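Student: The structure follows.
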Amino acid sequence: MKKYYNLRLFGDRISFLVNRKALITFLLLAAAAAGVFVISTGTGEMKISPLKVVQVFFGGGSDMDRLVIQSFRLPRIIVALMVGMALAAAGGILQGIIRNPLASPDIIGITGGASAAVVAFLAFFSDKNNALTVSINWMPLAAFAGAAILAFLVYFLAYKDGVSPVRLVLIGIGLAALMKALTTLMMVFGPIYQASQANIWITGTVYGSNWDNVTILVPWTIVFLILAFVLARNVNIQELGDDIAKGVGSTVQKYRFLLLMVSTALIGGAVAFGGGIGFVGLMAPHMARRLVGSAFGALLPASALIGGILVMAADLIGRTLFSPLEIPAGVFTASIGAPYFIYLLFKTRNA
Amino acid sequence: MLLKTNSLRWAGLFAAMLLLLVLMSFSIVYGYTDTTWKMALEAFTQFDGTNEHIIIQSVRLPRALIAAAVGASLAIAGVLLQTLTKNPLAAPEIFGINAGAGFAVVITVTLFSISNLQVFTWVSFLGAAVSFIFVYIIGSIGREGLTPMKLTLAGAAMSAMFASMTQGFLVINETALEQVLFWLAGSVSGRKLDTLAAVFPYLLAGWIFSLIIAGKLNVLSMGEDVAKGLGLKTGLLKLGAGIVIVLLSGGAVAVAGPIGFLGIVIPHLTRAVVGIDHRWVIPYAGLFGGMLLLVADIASRYIIMPQEVPVGVMTAVIGTPFFVYIARRGFNQ
C-alpha cells in the first residue's frame, strides 16, 4: 500500500497529499542531480576534486579553483540544469494536455518557431562582413518571441469551439514543417559561416553561458515551474478526457490555454539560452512516470529533475569526450533520445 | 465535383496535358537570363553554342522536365497514400521520407566523404524507402491498426529523430553542411538530366502501375471489409500500392530533395475537380502536380531576383495553410 502524508498549510487553505514513495524518489533524484552538478563542475580541462568544488560553493578553495568554477563552469552548468528542468516540465505538461505520450515541444513546432526566429535574427541583423549589427544578447529574446508566436498561432488555428488535442497536434506538426522550410531558406541565403552558427544553435548547446543568462533564466524557470506545480491537479483532470474533466467541474478550455502558456513560457526560456536541445521534453516525463507513477503532482518535479540531469550530463559529455572539440549537448540528447523514442513508439502501440 | 460526365473529363484531361506543356515551355523561356521564344525554338532546331542556347538546353530544359516529373510523382503518391491510410493528411513527407532521405545523404557526405549528386540519388532513395517502411509499420502496429493520429505522430516523430541526427552530423562536420545545405532545401534547379534519367524508369513504372491498380483502389476505398467481401485481395493490393509509393516518392526526393505538401494539396484539389474515381483522380493528380510544381518553380525565380527561393520552401508556404484547413475541417467529412 502506498502511504500518504497529509500536509495542511494556512489553516487548511492549502493542503495536499504527499506520496511517500514519490517523496523518497524525489529526494534520491535531487541527490543525483546535485551529484552530477558537482562532478560536472569539477571536470574539464582542469580537474578539481568534488570536495574542493563543494568548498568553493561555500566560499572556500584556492583562488584558481574559484576563478575556474565561478566564472567559467558554474554559469554554464546552472543554465544546463535550468534548460533541462524547463524542457522536461513543459514536455510533461504537453503530454498531459494532448493526452498522447509522444507529444513534445519539438514535435508540435514550438522549438521550430524559436529556430526560425533565431536564424532570421542572424540573417537580418548582419552586415556584409558577417558581423552582427546588434548585440548577440538580443538573440534569446528573438528565440523566445519565435516560440511564443508559434504557440499562439498553433493555439488559435486549432481553435474551433475549443481546442481539441488532435487538432492541436496536427496543426502543430503542419506549422513545424513550415518553420523548418523557412529556417532552411534563410540558411541557404545567408553565408555559410552563419549557417553553421545557426545549425549549432538549432542542435542546442549551453556553450558560452554567462552570469547574465543565469540571472534571467533562473527566476523565470523557477516561477513557471512553481506555477506548473500549482496547476498540476488540472493536468491530472485533463488526462481523463474532455467529457469526464467537464463532468468533475473543470473548466477544460481555460486550463488548457493556461497550461499551454505555462509550458510555452518554460520552453521559450529554455530555447532562448540552450537552443533546440531535443528529446528531453519527450524522454524525461516517461522516465519519471516509471519512477513515480502518473499523478502529475509527483510527476512534474521528478521529470524536471531528470531533465536537468540529462542536459547536464549531455553537456558534460559534449565538452569532455572529444576535448578540446566541443560537441553541442543536443547531439547527445538526440542520440539517447532517438532509440528511446523508437522504443516508446513500440510500447504505446495500443494507446 | 466540377467535371461530371466522362466526355467532359476526357476533354479536361486533354486540356490539362496541353496546359502542362505550355507551362513547361514557360519554364524554359522565362528566367534570370533573358531569352525569347524564338531562341528557345532555335536552341533545339539549330543549336549555335551561344550562352542562351546552352542555358536553355542544359539548365532550363532539365529543370522543366524534372519539375513536371517530380510534381506528378509526389501528387500520385499522395493520392495512393490517402486512399491506403484513409487519412486526408497523408502525404509522402508525413511518412518522414524527406527527413529519411536527408539523413541518408548527410551520412554519405560525412562518413564516406562522397558528394556526388548521382550517389545522392541512390542513397536518398534508400533513406526514403527505409523511413517509409518504418513509419508504416510503427503506425500500424497495435490493436486499432493504422489510425490517422498514430500515423501522423509516428511520421512527425521519425522526422524529428532523423532531423536531429542530421543536425548532429552537420554540426560535427562543417564542410558537409556546405555541400548538402542546398540539397536539403529541396530544389529542381542545378540538376542534370542524367539525375532524372537515372530514376525515370522507376517513376514511369510507378505511374503506369498506379493507373493499373486504380480500379481496385476504388474498391478498397469502400472499406476493408467490403473490399474483401467483393473478392479483392486487400493485402496484396496494399503491398503493391506501398511499393508504388516508395518508387514514386523515393524517386522524387532523390531527384529534387525534400519538397513538401504537394502530396497533400493536389489530391484534395483533384477530387474537387473529378470526383473520387481513382481511374480519373490518378492521371489528373499527376498532371496537376506537375503543373503546380512548374508554377512554383517559375515563381521562385522571380520573387527575389536575381536569387532563387528553393522550390521546397515555396510549396511549404503554399501548402501549410491548406494543411491547417484540412486539419481544422476534421477527418469525418
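Student: Checking A:W138 against (1) in contact (Cβ under 8 Å) with a residue 24 or more places away in the chain; (2) within 13 Å of A:A272 (Cβ to Cβ), which single condition isn't satisfied?
Tutor: The number of the failed condition is (1).
Student: In this structure, is B:M314 out of contact with any strand residue (DSSP E or B) (no Cβ under 9 Å at 6 or more places or on another chain) and more than 11 Å from chain A (Cβ to nearest Cβ)?
Tutor: No, not satisfied.
Student: Would you pick out the residues in the stretch A:217-261 that are surrounded by fewer than 19 Cβ atoms within 10 Å (Cβ to Cβ) and under 18 Å from A:I110 (Cα atoms)?
Tutor: Passing the criteria: A:F257, A:L258, A:M261.
Student: Please work out if B:I298 is in a helix (DSSP H, G or I), within 9 Å of chain A (Cβ to nearest Cβ) and over 15 Å from the mean Cα position of the chain (by Cα).
Tutor: Spelling it out, it is not the case that B:I298 is in a helix (DSSP H, G or I), within 9 Å of chain A (Cβ to nearest Cβ) and over 15 Å from the mean Cα position of the chain (by Cα).
Student: Which residue is farthest from the other protein chains (Cβ to nearest Cβ), if the candidates are limited to the stretch B:168-183 and must be more than 16 Å from B:A101 (Cβ to Cβ) and assigned to a helix (DSSP H, G or I)? Walk me through it before giving the result.
Tutor: Applying the first criterion (more than 16 Å from B:A101 (Cβ to Cβ)) to the stretch B:168-183 yields B:168, B:171-175, B:177-178.
Then keep just the ones that are assigned to a helix (DSSP H, G or I); that gives B:168, B:171-172, B:174-175, B:177-178.
Numbers: B:G168: 4, B:V171: 5, B:I172: 7, B:E174: 5, B:T175: 9, B:L177: 5, B:E178: 5 Å.
This residue is B:T175.
Student: Moving on. Failed condition for A:G208, given (1) assigned to a helix (DSSP H, G or I); (2) of a type outside the set (K, R); (3) more than 17 Å from the chain's Cα centre (by Cα), with all others met?
Tutor: (1)
Student: Let me ask another. From B:G229, B:G275, B:G235, B:G240, which residue is of a type outside the set (K, R) and closer than 23 Å to B:N98 by Cα?
Tutor: On inspection, the qualifying residue turns out to be B:G240.
Student: Further, regarding this structure: Which numbered condition trips up A:A195, out of (1) crowded, with 21+ Cβ neighbours inside 10 Å; (2) modelled with pLDDT under 80; (3) more than 10 Å from chain B (Cβ to nearest Cβ)?
Tutor: (3)
Student: OK, next. Can you list the helices (runs of 4 or more DSSP H) found entirely within the stretch B:199-275 that contain at least 2 residues being touching a Pro at 6+ places or on another chain (Cβ under 8 Å)?
Tutor: B:234-256, B:262-274
Student: Does B:L41 satisfy the criteria of being buried (at least 21 other Cβ atoms within 10 Å of the Cβ) and among the hydrophobic types (A, V, I, L, M, F, W, C)? Before the answer, list the steps.
Tutor: Numbers: buried (at least 21 other Cβ atoms within 10 Å of the Cβ): no; among the hydrophobic types (A, V, I, L, M, F, W, C): yes.
No; evaluated as a whole, the condition is false for this residue.
Here is a yes/no grid of residues against (1) surrounded by fewer than 20 Cβ atoms within 10 Å (Cβ to Cβ); (2) at pLDDT 90 or above; (3) over 14 Å from B:S189 (Cα atoms):
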| site | (1), (2), (3) |
| --- | --- |
| B:A254 | no, no, no |
| B:I259 | no, no, no |
| B:V274 | no, no, yes |
| B:P283 | no, yes, yes |
| B:L287 | no, yes, yes |
| B:S300 | no, no, no |
| B:I303 | yes, no, yes |
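Student: Show the residue pairs that are 6+ apart or on different chains and have beta-carbon atoms under 7 Å apart, the first residue being within the stretch A:155-178 and within 9 Å of chain B (Cβ to nearest Cβ), the second being aromatic (F, W, Y).
Tutor: A:G174/B:F323
Student: Which condition from (1) closer than 23 Å to B:P283 by Cβ; (2) part of a helix (DSSP H, G or I) is the one that B:R60 breaks?
Tutor: Failed condition: (1).
Student: Here is a check on your reading of the model: is A:G268 closer than 25 Å to A:Y155 by Cβ and at pLDDT below 85? Let's see the steps before the verdict.
Tutor: Numbers: closer than 25 Å to A:Y155 by Cβ: yes; at pLDDT below 85: no.
Taking the combined requirement at face value, the residue does not satisfy it.
Student: Quick check on the stretch A:232-248. Is at least one of its residues within 14 Å of another protein chain (Cβ to nearest Cβ), at pLDDT 80 or above and assigned to a helix (DSSP H, G or I)?
Tutor: Within the stretch A:232-248, not a single residue is within 14 Å of another protein chain (Cβ to nearest Cβ), at pLDDT 80 or above and assigned to a helix (DSSP H, G or I).
Student: Sort out which residues of the stretch B:38-57 are free of Cβ contacts under 8 Å to residues at least 12 places away in the same chain and not aliphatic (A, V, I, L, M), and write them in order of number.
Tutor: The answer is B:K38, B:E42, B:T45, B:Q46, B:F47, B:D48, B:G49, B:T50.
Student: Just checking, which of B:G190, B:G206, B:G186 is surrounded by 16 or more Cβ atoms within 10 Å (Cβ to Cβ), within 14 Å of another protein chain (Cβ to nearest Cβ) and either under 19 Å from the mean Cα position of the chain (by Cα) or of a type in the set (K, R) (or both)?
Tutor: None of the other options fit; the residue is B:G186.
Condition check ((1) within 14 Å of chain B (Cβ to nearest Cβ); (2) surrounded by 24 or more Cβ atoms within 10 Å (Cβ to Cβ); (3) touching a helix residue (DSSP H, G or I) at 6+ places or on another chain (Cβ under 8 Å)) across all residues:
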position: A:G307; (1), (2), (3): no, yes, yes
position: A:L310; (1), (2), (3): no, yes, yes
position: A:I317; (1), (2), (3): yes, no, yes
position: A:L321; (1), (2), (3): yes, no, no
position: A:A329; (1), (2), (3): yes, yes, yes
position: A:A334; (1), (2), (3): yes, yes, yes
position: A:P339; (1), (2), (3): yes, no, no
position: A:Y343; (1), (2), (3): yes, no, no
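Student: State all residues of the stretch B:67-103 that are of a type in the set (A, V, I, L, M, F, W, C) and surrounded by fewer than 24 Cβ atoms within 10 Å (Cβ to Cβ); if no residue qualifies, say none. So that I can check it myself, show each step before the final result.
Tutor: Here is the first cut: in the stretch B:67-103, the residues of a type in the set (A, V, I, L, M, F, W, C) are B:67-70, B:72, B:74-77, B:79-81, B:84, B:89-91, B:94-95, B:97, B:99, B:101, B:103.
Selection gives B:L84, B:L89.
Student: Also, I was wondering about something else. With respect to B:P267, determine if the residue is touching a residue at least 40 places away in the same chain (Cβ under 8 Å), away from chain A (no Cβ under 14 Å) and under 22 Å from A:L157 (Cβ atoms). Let's see the steps before the verdict.
Tutor: Working: touching a residue at least 40 places away in the same chain (Cβ under 8 Å): yes; away from chain A (no Cβ under 14 Å): yes; under 22 Å from A:L157 (Cβ atoms): yes.
Judged against the criteria, B:P267 is a match.
The values are calculated or read from the model by the stated rules, or taken from the named source; none is laboratory data. This is a predicted model, so every value here is computed, not measured. Ideal geometry is used to build each Cβ from the backbone, glycine not excepted, and the neighbour counts take in all protein chains shown.
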